[in-house]
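Take a look at the structure set out below.
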């Protein structure tokens, strides 16, 4: 893994500062490019972790301006880098966000710290754990959302079952009258405590609450309101039936729940050792954090 962080680095600038592979170098464009190329030749990394992916075109433009013809981040001699998507803005839940441009360096994966959720919330071990479960490439998973990764894991389960997956989602919810929506969409209730000093206060925390509800109650779209149990009233207040057959979503989530429980147990065992392995703990905590999300 190689880390590059630009500091006061500008396109076409004569001098700048760059942090690469744990070292900070200040100097001319040629000095910076020589340091970067030397780190690549020494470490030959599979993953490039950058504070921003904009460093990729910036370095190549610097090489062109400085007349450095043999500079390349790529492992392919004929392709230096590719732009996969332009920067854009988007709207989600009433908020406008910014999506930076995305780049590809042939032969290596890029993790852009300014455009990643899972790497920011966990670490590389957490990202690689989800790669093994979702079959998504490292670079794609790094910028993916939680829902995107979970959908990929669901598709893997469907493929294992020999079930065809439509190219685009087309199945929508059944029509519901307003009174059914009112009864079904019941959120949690928060009790407001009395203002003041309280003693003997206890906290109860459910481990993986919603996934465990799904798995223990067999909540899955393929078994809810099934025709074979239409006379059952399994969901209080709604009259929905739930089939006795094991739901597809349960087979997706139960392995994740079990894996996180095993990892958390391994963390406790490592912490209880007289001389815990900090690298091992970081790996386990990264994997546990990724599965939590």
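In segment 211-241, what residues are at pLDDT 90 or above and surrounded by fewer than 11 Cβ atoms within 10 Å (Cβ to Cβ)?
Scanning segment 211-241 gives a single hit, 216.
Return yes or no: is residue 206 in contact (Cβ under 8 Å) with a residue 24 or more places away in the chain, surrounded by fewer than 11 Cβ atoms within 10 Å (Cβ to Cβ) and in a loop (DSSP other than H, G, I, E, B)?
In short, no.
Out of 70, 78, 41, 46, which single residue is over 18 Å from the mean Cα position of the chain (by Cα), within 28 Å of residue 289 (Cα to Cα) and either surrounded by fewer than 14 Cβ atoms within 10 Å (Cβ to Cβ) or modelled with pLDDT under 85 (or both)?
46
Can you pull out the residues in segment 116-134 that are assigned to a helix (DSSP H, G or I), farther than 12 Å from residue 293 by Cα and in contact with a helix residue (DSSP H, G or I) (Cβ under 6 Å, 6 or more places away or on another chain)?
125, 129, 131, 133, 134
Looking only at residues in segment 242-266 that are outside any helix (DSSP H, G or I) and surrounded by 17 or more Cβ atoms within 10 Å (Cβ to Cβ), which one is nearest to the chain's Cα centre (by Cα)?
In this case the residue turns out to be 247.
Please identify the pairs in which a residue from segment 151-165 that is outside the structural domain of residue 255 (by TED's automatic domain parsing) has its Cβ atom under 6 Å from the Cβ atom of a residue that is part of a loop (DSSP other than H, G, I, E, B), counting only partners at least 6 apart or on another chain.
152/136; 155/165; 156/135; 158/165
Quick one: is residue 196 in a loop (DSSP other than H, G, I, E, B) and at pLDDT below 85?
It is false that residue 196 is in a loop (DSSP other than H, G, I, E, B) and at pLDDT below 85.
Six or more apart or on different chains, Cβ atoms under 9 Å: show the pairs whose first residue is in segment 73-96 and closer than 26 Å to residue 38 by Cβ and whose second is surrounded by fewer than 12 Cβ atoms within 10 Å (Cβ to Cβ) and at pLDDT 85 or above.
75/44
Name, by its number, the condition in (1) modelled with pLDDT of 90 or more; (2) part of a loop (DSSP other than H, G, I, E, B); (3) surrounded by 10 or more Cβ atoms within 10 Å (Cβ to Cβ) that does not hold for residue 176.
Among (1) modelled with pLDDT of 90 or more; (2) part of a loop (DSSP other than H, G, I, E, B); (3) surrounded by 10 or more Cβ atoms within 10 Å (Cβ to Cβ), residue 176 violates only (1).
Of these, 173, 194, which one is out of contact with any helix residue (DSSP H, G or I) (no Cβ under 7 Å at 6 or more places or on another chain), within 21 Å of residue 240 (Cβ to Cβ) and not assigned by TED's automatic domain parsing to the domain that holds residue 240?
173
The values are calculated or read from the model by the stated rules, or taken from the named source; none is laboratory data. None of these values were measured; they are calculated from a predicted model. Backbone-built Cβ (ideal geometry, glycine too); neighbour counts: all protein chains shown.
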